[in-house]
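Take a look at the structure below.
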Amino acid sequence: MGLLRRGPDGPKFIMREQLLAIGDDFWIEDDEGHRVYKVNGKAVRARETFILEDTNGNEVSKIQEKKLSVRDKMTIERGSTRAVVHKRLIGIRDHYVIEVDGGEDLKAHGNIVDHEYEIERDGDTVATVSKKWFRVRDSYGVQLAEDQDVALILAITVCVDAMARG
């Protein structure tokens, strides 16, 4: 049995599994069940595109698949922040690298397909993703460490989920 590890203790969000597809929209809820972000899957685009919107319908992040690259990539545009999410080609476990322009890079690793993974920055866990928190079969949670860019971390989670299905 492993050691008990203390994970992030910041805000927690509820995501819906297997609802991420082109043309699909779904809400991300906080741990009290309030809708806080909408993921809008754009069906009319040639490449996979999701728009993360706040409750007023304002675009918070744009998430787009990068076509014609050697390995799968998705970009996140959030104001002046731009990040590229791509899968590492080596290793036996799922690893994703998130390169943040003008910021510290992140990585997501663990059992991505089963929604049991962590997002880290420089060895520190900034978010934990887990299905174990919910009884509802098609849901999983994302819990962030304090003082994180919530919309960026949730956009990364959307990317990882979409890329793992692809």
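The values are calculated or read from the model by the stated rules, or taken from the named source; none is laboratory data. Since the structure is predicted, the reported quantities are computational estimates derived from the model, not experimental observations. Cβ atoms come from the backbone with ideal geometry, glycine included; neighbour counts cover every protein chain shown. The area values use the complete protein model at the heavy-atom level, side chains included, leaving out ligands, DNA and RNA. Shrake-Rupley method; radii C 1.70, N 1.55, O 1.52, S 1.80 Å.
Answer with yes or no whether residue 158 is closer than 19 Å to residue 52 by Cα and open to solvent by less than 10 Å² (accessible area, probe 1.4 Å). So residue 158 fits the description; yes.
Residues are listed down the side, and each one gets a yes or a no for (1) small (Gly, Ala, Ser); (2) part of a loop (DSSP other than H, G, I, E, B); (3) in contact with a strand residue (DSSP E or B) (Cβ under 6 Å, 6 or more places away or on another chain):
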position: 119; (1), (2), (3): no, no, yes
position: 129; (1), (2), (3): no, no, yes
position: 133; (1), (2), (3): no, yes, yes
position: 142; (1), (2), (3): no, no, yes
position: 148; (1), (2), (3): no, yes, yes
position: 152; (1), (2), (3): no, no, yes
position: 155; (1), (2), (3): yes, no, yes
position: 161; (1), (2), (3): no, no, no
position: 164; (1), (2), (3): yes, no, no
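I'd like the full set of residues that are small (Gly, Ala, Ser), at pLDDT 90 or above and exposed (fewer than 11 other Cβ atoms within 10 Å of the Cβ), limited to the stretch 37-69.
Answer for the stretch 37-69, where residues must be small (Gly, Ala, Ser), at pLDDT 90 or above and exposed (fewer than 11 other Cβ atoms within 10 Å of the Cβ): just 57.
The condition of being of a type in the set (A, V, I, L, M) and either closer than 29 Å to residue 33 by Cβ or modelled with pLDDT of 90 or more (or both) holds for only one of 89, 154, that being 154.
With the condition kept exactly as written, say whether any residue in the stretch 118-139 is open to solvent by 30 Å² or more (accessible area, probe 1.4 Å) and in contact with a helix residue (DSSP H, G or I) (Cβ under 9 Å, 6 or more places away or on another chain). Within the stretch 118-139, not a single residue is open to solvent by 30 Å² or more (accessible area, probe 1.4 Å) and in contact with a helix residue (DSSP H, G or I) (Cβ under 9 Å, 6 or more places away or on another chain).
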